[in-house]
Amino acid sequence: MMTTLHVVMAGGGTAGHISPMIAMARALERAGDVEITMVGTASGMETDLVPAAGYPLVTIDRVPMPRRPNLDLARLPWRLRTAIRQAQDILRAANADVVVGVGGYVSTPVYLAARRMGIPVVVHEANVRAGLANRIGARRAAAVGTAFARTRLPGAQHVGMPMRTQISQLDRSPAARAEARSALGLDPERTTLVVTGGSSGALTVNRAITGALSELLEHAQILHLTGRGKTVLNDDGEPLTAPGYHQREYVDGLEQVYAAADLVIARAGAGTVCEIAAAGLASILVPLPIGNGEQAHNAQDLVQAGAAIMVDDAVFTASWVRDHLPAVLGDPARVDKMAQAAHALGIRNADDTMAQLIKDAATTRGGQHG
């Protein structure tokens with residue numbers, strides 16, 4: 001008789017944590033009878049994204065991990081103990097067989113609660129440089145999967161980035177490309193440049209593209225996803241328009257956008273980089289210059305393979321665009337070669353690989369790393 005696998009998944013804050021968590025949950029559901037509970041905090045994007053995906057979300061207190069002495073550091077022991085107790089209550093209520101964590105503030109208390117209760121932990125790290133929570137979780141994890149081969153964590157296996165099958169199995173044949181362009185209101189036959197800064201947009205990128213718009217439109221039509229609340233306006237305060245220039249703040253589900261594109265300009269978040277590779281897209285990557293420089297690290301494999309061109313945020317100006325992009329857009333053979341190199345790097349089964357690691361961990365409580 002088949003028994004139900006009870007899985008508790010912890011992660012949140014950003015879509016970069018939540019999207020692979022949901023992809024792993026979908027893969028587990030395809031693989032067998034499973035009951036999934038997701039744990040987040042009340043302040044992260046998970047409060048919208050997890051219920052929208054159809055999964056129950058329970059929350060625990062957010063526990064900031066301060067890097068320097070301050071009031072939060074003094075409060076840390078009490079906050080952490082409280083959050084661990086909350087996590088233990090959740091694990092008991094869910095009858096958890098295994099805990100899966102993807103990082104973020106919520107993951108550390110859940111990892112520590114699982115360790116106290118003898119529940120196996122499986123970790124997935126999305127970035128080249130692992131975050132603090134996953135460095136803690138990986139120490140005694142039953143399995144650790146990483147999106148990038150260069151990530152250093154105990155017992156790590158390079159599995160790739162779990163992502164939606166609509167992207168990992170994307171059809172980018174000429175017919176599918178023309179169909180996607182038509183559906184987006186674009187010319188199905190024209191070379192297409194897609195510009196995106198993610199759901200929140202990227203002002204540096206927006207300014208550089210619109211500042212060189214006339215030169216770019218000589219070589220391609222442009223689908224510009226400006227970000228929510230960041231519509232580009234003309235001198236009269238109206239949305240900027242031009243023949244061949246199509247701007248939207250956001251498109252829900254990027255598979256159609258990826259299918260339509262010849263070349264993509266984007267930030268270098270881990271999810272974006274891995275999706276571009278899986279879809280087999282040529283790209284210009286403009287890493288967000290924050291934190292420990294993780295976005296530049298994320299982009300390196302594509303750049304080294306000749307699949308992408310990386311440009312520093314401070315360098316990516318209208319002048320740079322005018323001087324460099326027309327030559328790329330005007331060379332279809334180069335763009336196609338970049339796309340092939342990206343596709344060769346893409347990993348399209350990370351969700352199923354992680355699902356198997358999770359199932360294996362749940363069946364062997366003694367199989368943890370020391």
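The values are calculated or read from the model by the stated rules, or taken from the named source; none is laboratory data. Computed from a predicted structure; not experimentally measured. So basically every Cβ, Gly included, is an ideal-geometry build from the backbone, and we count neighbours across all protein chains shown.
Quick notes on this one:
- Complete set of residues in segment 22-49 that are assigned to a helix (DSSP H, G or I), modelled with pLDDT of 95 or more and not acidic (Asp, Glu): Ile22, Ala23, Met24, Ala25, Arg26, Ala27, Leu28, Arg30
- Residue count for segment 99-116 satisfying the condition of being surrounded by fewer than 23 Cβ atoms within 10 Å (Cβ to Cβ) and out of contact with any helix residue (DSSP H, G or I) (no Cβ under 6 Å at 6 or more places or on another chain): 2.
- Residues of segment 136-156 that turn out to be in contact with a Pro (Cβ under 9 Å, 6 or more places away or on another chain) and among the basic types (Lys, Arg), as a count: 2
- Strands (runs of 3 or more DSSP E) lying entirely in segment 154-263 (those with 1 or more residues that are in contact (Cβ under 8 Å) with a residue 60 or more places away in the chain and in contact with a Lys or Arg (Cβ under 7 Å, 6 or more places away or on another chain)): 192-196
- Criterion (without any contact (Cβ under 8 Å) to a residue 40 or more places away in the chain and either assigned to a loop (DSSP other than H, G, I, E, B) or not basic (Lys, Arg) (or both)) met by exactly one of Val100, Val123: Val123
- Scan of segment 78-99 for residues that are over 11 Å from Ala10 (Cβ atoms) and either charged (D, E, K, R) or in contact with a strand residue (DSSP E or B) (Cβ under 9 Å, 6 or more places away or on another chain) (or both), ordered by number: Arg79, Arg81, Arg85, Gln86, Asp89, Arg92, Ala93, Ala94, Asn95, Asp97, Val98
- For segment 170-188, the condition of being crowded, with 22+ Cβ neighbours inside 10 Å, among the aliphatic types (A, V, I, L, M) and touching a Gly at 6+ places or on another chain (Cβ under 7 Å) holds for none of the residues.
- Test: Ile276 is closer than 23 Å to Ile167 by Cα, touching a residue at least 12 places away in the same chain (Cβ under 8 Å) and either touching a Cys at 6+ places or on another chain (Cβ under 7 Å) or in a strand (DSSP E or B) (or both): no
- Test for Ala138: is it out of contact with any helix residue (DSSP H, G or I) (no Cβ under 7 Å at 6 or more places or on another chain) and closer than 27 Å to Arg348 by Cα: yes
- Boolean, Ala314 is hydrophobic (A, V, I, L, M, F, W, C) and in a helix (DSSP H, G or I): no
- Restricted to segment 50-62, and to residues there that are in a loop (DSSP other than H, G, I, E, B) and not small (Gly, Ala, Ser), the residue that is surrounded by the fewest Cβ atoms within 10 Å (Cβ to Cβ) is Pro56.
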